Amino acid sequence: MKNLQHKYYESYKDNKLLFPGLDITWLKELREEAIAQFKKDGFPDKSVEEWNNHSYKNLKEKYFTPFSDNKFEINSKLIEKRGSNCVIRVVFYNGTLTNIEYDNLPEGIEVNTLTHFIKHKPSFLKDKISSAYKYAEERLSNIVDSRPQSIVAFNTAFHQEGAVIHIKKNVKVPGFIELLHIGEYSKDTMQHMRSLVYLEEGSECEVLENIINDTANDLVFTSNVTDIYVSKGASLSFNCFIKGGTNNIHINNIHGAVHEDSKFTSTSIMSALGQVRSENRINLLGENASTKIDMLLLGSKDSLLEGLTKVKHSKKNTFSDQKARIILNENSKASFQGKVRVDKGSDGTLANMSSKSLLLSKKARVNSKPELEILADDVRCSHGVTIGNLSLEQMFYLRSRGIPEVEARKLLVSSFGNIIIDDLNKNFIDKAKKIMTDYFND
Amino acid sequence: MSTTLEIKDLYVEVDSKEILKGLSLKIEHGEMAAIMGPNGSGKSTLASVLAGKEGYNIVNGTIKYLGNDLLKMSTEERASSGVFLAFQYPVEIPGVATSTFVRTALNAQRRNRGEDELDAMEFLKLARQKAKELEMSEDFFQRAVNVGFSGGEKKRAEVFQMSMLSPTLAILDETDSGLDIDALKIVAEGVNKLRDNKLSGIVITHYQRLLDYLKPDTIHILADGKIIKTGDKSLALLLEEKGYQGITGAN
Ligand SMILES: Nc1ncnc2c1ncn2[C@@H]1O[C@H](COP(=O)(O)OP(=O)(O)OP(=O)(O)O)[C@@H](O)[C@H]1O
Ligand SMILES: [Mg+2]
């Protein structure tokens, strides 16, 4: 392991040309601090509580080279047409910008690549692209532990590109913004994307981060880390749909800072065949800030899907709602960790969490763990976890009305997932339903 | 008159416990038969076996439905060929709208019979008509199947499904329990309407009131896993007077 950490350290030094912004002092320092942190901590192992459900063996044993073989002529069949309500779409192929598509972009919306901002507006990024140390976890013991964030440190050091969304004061984005990431990487490579979504006061925006990694059987390692700021009175809906190939390890990481009277909602749908992990850490930093985090995990074959949410209520009268639905078939495995922390003095907090899993095969495994850490007095929290199989009573009821077994199964399974899908903004429902249909047909 | 259903010497076990013990029953075309019997005597078990629920071990006996071996048919085949069970305890299905459910069922049955499927408009028209007949508000079309329905609403929804699917053999398992007096009348009228189309029925009940409306042709008493007495409506009256103890004793 130490050996591998050293190898990545050397790789960072050797591949500097791939990493933009090293001519900017603060960004260079950020990267160097991050690689130093990674060199110290390495990838999290099972001794790190947030990572103790499953081991990412390949991460710990394999060495991945930073992806550098960028092609500029792309005709991947994975790139579908831009949706009709999509005001602007940024398309990345293997981590490189291929296109920014829009018809007429309303005023007050700035969407571009990270490298564009580094080149033309680096001052905008300063203090918004955060160091992994800033996100270090505060343990019950008051000890600050940086290890759960070592993927973020790794991403901070190695990111080559990303997207930046900046919505100006009181601007309400019509339709939605899509960040499409298509990956058809070569064997044993890695690619890391660092994005930023910044909403000024009173603005509103819907984003779809659509990640499709089609790597067939080649082992690749990808990550997307996104820093999110929702200013006073603003509202952001940030949704991630993640699909991945059999040997793709993908880690998605969101850090949201949600201020007074603002709202952050997020739905992640994961239907990958490899190993995918989605972490959402949301800090409710102002009074009346609220967040709703939904996850739908669709596991099949030998996939491993992990969802982690951590909501920190730091001010009075804040609200959070977390909902996970997990459907597993064949040999797939999944975990969900839903955490709520209510800081001292954050009275009037309301926090709900529910996690339900549906196991469709004998070998599927799920681990679901709610965790509440409440340091305030006037707090209402609820949490519920259920794990079950398809109900025989329900199956019989449907079949007794003439619905064939296969169709009855589909109806019950999709109704289970619909609890998440029906709650999506209407722009995303069809896409989400399609993911569900593909899940059945694979 | 041809025979709709003929059960001969049926023995059924659940979890190695013998529940039906030599039950025989014959239902003619268009006949309405009532089955009454003490709690736990096996009425719902019989209903489940007829509808094709798994987990029942048929130890002995035969069931002929319209001349075919019912026990060889899958649950959904039985439904498509006209067997309908109104559940004693209708099942809740969160996330599936009632209209989606009934339409899926109706079209699956039609497909199975080689008929054209109904499109959304045709379906809605039919559903509205049936809901109106049963004096039900259309709100429940969009509600998840039986979720949050009151006891009586669940029973009414069963009858709604029945009239949508217009079966050949309807088994009503205590459909009257939970219904208020007015609802009972409406539901009974709904059932009687289907009888005009030569519906055969098995009505499982504990109460005389439903029978007053449905006027069954025959009344059977099921006790300890078999039919111990068969008669006409006077049997129900006798039962009301003497109770099961009295009747079984008199046997
Ligand atoms: N899965 C099972 N395992 C064991 N016993 C069962 C099972 N299902 C039903 N039974 C038993 O079979 C018997 C008959 O049950 P059934 O539900 O058919 O009665 P019923 O006549 O419909 O009664 P009620 O009038 O109360 O509805 C009961 O004693 C019941 O406890
Ligand atoms: Mg019963």
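Observations, loosely collected:
- As a proxy for reagent exposure, ranking A:TYR12, B:TYR244, A:TYR63 by other Cβ atoms within 10 Å from fewest up yields A:TYR63, B:TYR244, A:TYR12.
- Ordering of B:213-220, A:366-373, B:132-139 by burial proxy (mean other Cβ atoms within 10 Å per residue, highest first): B:213-220, A:366-373, B:132-139
- Long-range HN-HN contacts of A:LYS323 with modeled amide H, under 5 Å: A:ILE293, A:ASP294, A:MET295, A:SER354
- Sites A:LEU78 and A:VAL48 - FRET efficiency at Förster radius 35 Å, r taken between beta-carbons, to 0.05: 0.55
- Mean-position separation - Cα centroids, region A:245-280 and region A:15-69, in angstrom: 18
- The relative contact order of region B:1-104, computed from alpha carbon pairs under 8 Å that lie at least 6 residues apart in sequence, is 29 percent.
- Average partner coverage of A:406-417, which counts Cβ from other chains inside 10 Å: 3
- DSSP bridge pairs, chain B: antiparallel proportion in percent, nearest 5: 60
- All aspartates and glutamates inside 14 Å of A:LYS126 as judged from Cα atoms, apart from same-chain residues fewer than 8 positions distant: A:ASP23, A:GLU29, A:ASP227
- For region B:167-251, the antiparallel share of DSSP beta bridges with both residues in that region comes to about 50%.
- Value at 222 nm in deg cm²/dmol, rounded to 500, when DSSP H runs of n ≥ 4 in chain A each add -39,500 (n - 2.57): -6500 deg cm²/dmol
- Over region A:2-285, Cα pairs under 8 Å with separation of 6+ residues give a relative contact order of 16 percent.
- Cα-based Kirkwood hydrodynamic radius, the protein assembly as shown, one decimal, Å: 28.6
- With a 10 Å cut-off around each Cβ of B:75-81, the average count of Cβ atoms from other chains is 6.
- Whole-number percent relative contact order across region B:3-248, with pairs defined as alpha carbons under 8 Å at least 6 apart: 28
- The fewest-to-most ranking of A:LYS356, A:LYS344, A:LYS426 by surrounding Cβ atoms within 10 Å reads A:LYS426, A:LYS344, A:LYS356.
- Whole-Hz ³J(HN,Hα) from phi, Karplus 6.51 cos²θ - 1.76 cosθ + 1.60, for region A:293-303, glycine and proline x: 10, 10, 9, 10, 10, 10, x, 8, 6, 10, 6
- Of A:LYS426/B:LYS132; A:LYS312/A:LYS333; B:LYS125/B:LYS193; A:LYS119/A:LYS316; A:LYS168/A:LYS292, pairs whose Cα-Cα distance is over 29 Å: A:LYS426/B:LYS132; A:LYS119/A:LYS316
- Region B:1-40 and region B:137-184: distance between their alpha carbon centers, rounded to Å: 24
- Considering only B:ALA170, B:ALA144, B:ALA223, the mean-square fluctuation computed in a Gaussian network model of chain B, springs between alpha carbons under 10 angstrom, is largest for B:ALA144.
- Phi-based couplings in Hz for region A:95-100 (Karplus 6.51, -1.76, 1.60; Gly and Pro marked x): x, 10, 4, 10, 6, 10
- The mean number of partner chain beta-carbon atoms within 10 angstrom of a residue's beta-carbon across peptide A:389-399 is 6.
- Global geometry of region B:36-95, whether rounded, prolate or oblate, following the gyration tensor of its Cα atoms and the 1.5 cut on a/c: oblate
- Spherically averaged projected area in nm², based on the convex hull that wraps the Cα atoms of region A:393-442: 3.8
- Neighbour-count order for B:VAL147, A:VAL207, fewest beta carbons within 10 angstrom listed first: B:VAL147, A:VAL207
- Calculated FRET efficiency, B:VAL91 to B:ASP217, Cβ-Cβ distance, R0 = 25 Å: about 0.25 to the nearest 0.05.
- Karplus-based coupling profile of region B:4-19, in residue order and whole Hz: 7, 9, 9, 9, 10, 6, 8, 10, 10, 10, 10, 6, 6, 9, 6, 10, with θ = phi - 60° in 6.51 cos²θ - 1.76 cosθ + 1.60 and x standing for Gly or Pro.
- Computed over Cα pairs, the Kirkwood radius of region A:2-285 leads via Stokes-Einstein (0.890 mPa s, 25 °C) to a diffusion coefficient of 128 µm² per second.
- For chain B, dividing the convex hull volume of the Cα atoms by the residue count gives 127 Å³ per residue.
- Here the protein assembly as shown carries DSSP beta bridges of which approximately 20% are antiparallel, counting only pairs with both residues inside.
- The equivalent ellipsoid of region A:1-101 has semi-axes of 31, 20, 15 Å, largest first, where each one is the square root of 5 times an eigenvalue of the Cα gyration tensor.
Each value in this text was obtained by applying a stated rule to the coordinates, not by laboratory testing. Keep in mind the model is a prediction, meaning the values are calculated, not measured. So basically every Cβ, Gly included, is an ideal-geometry build from the backbone, and we count neighbours across all protein chains shown.
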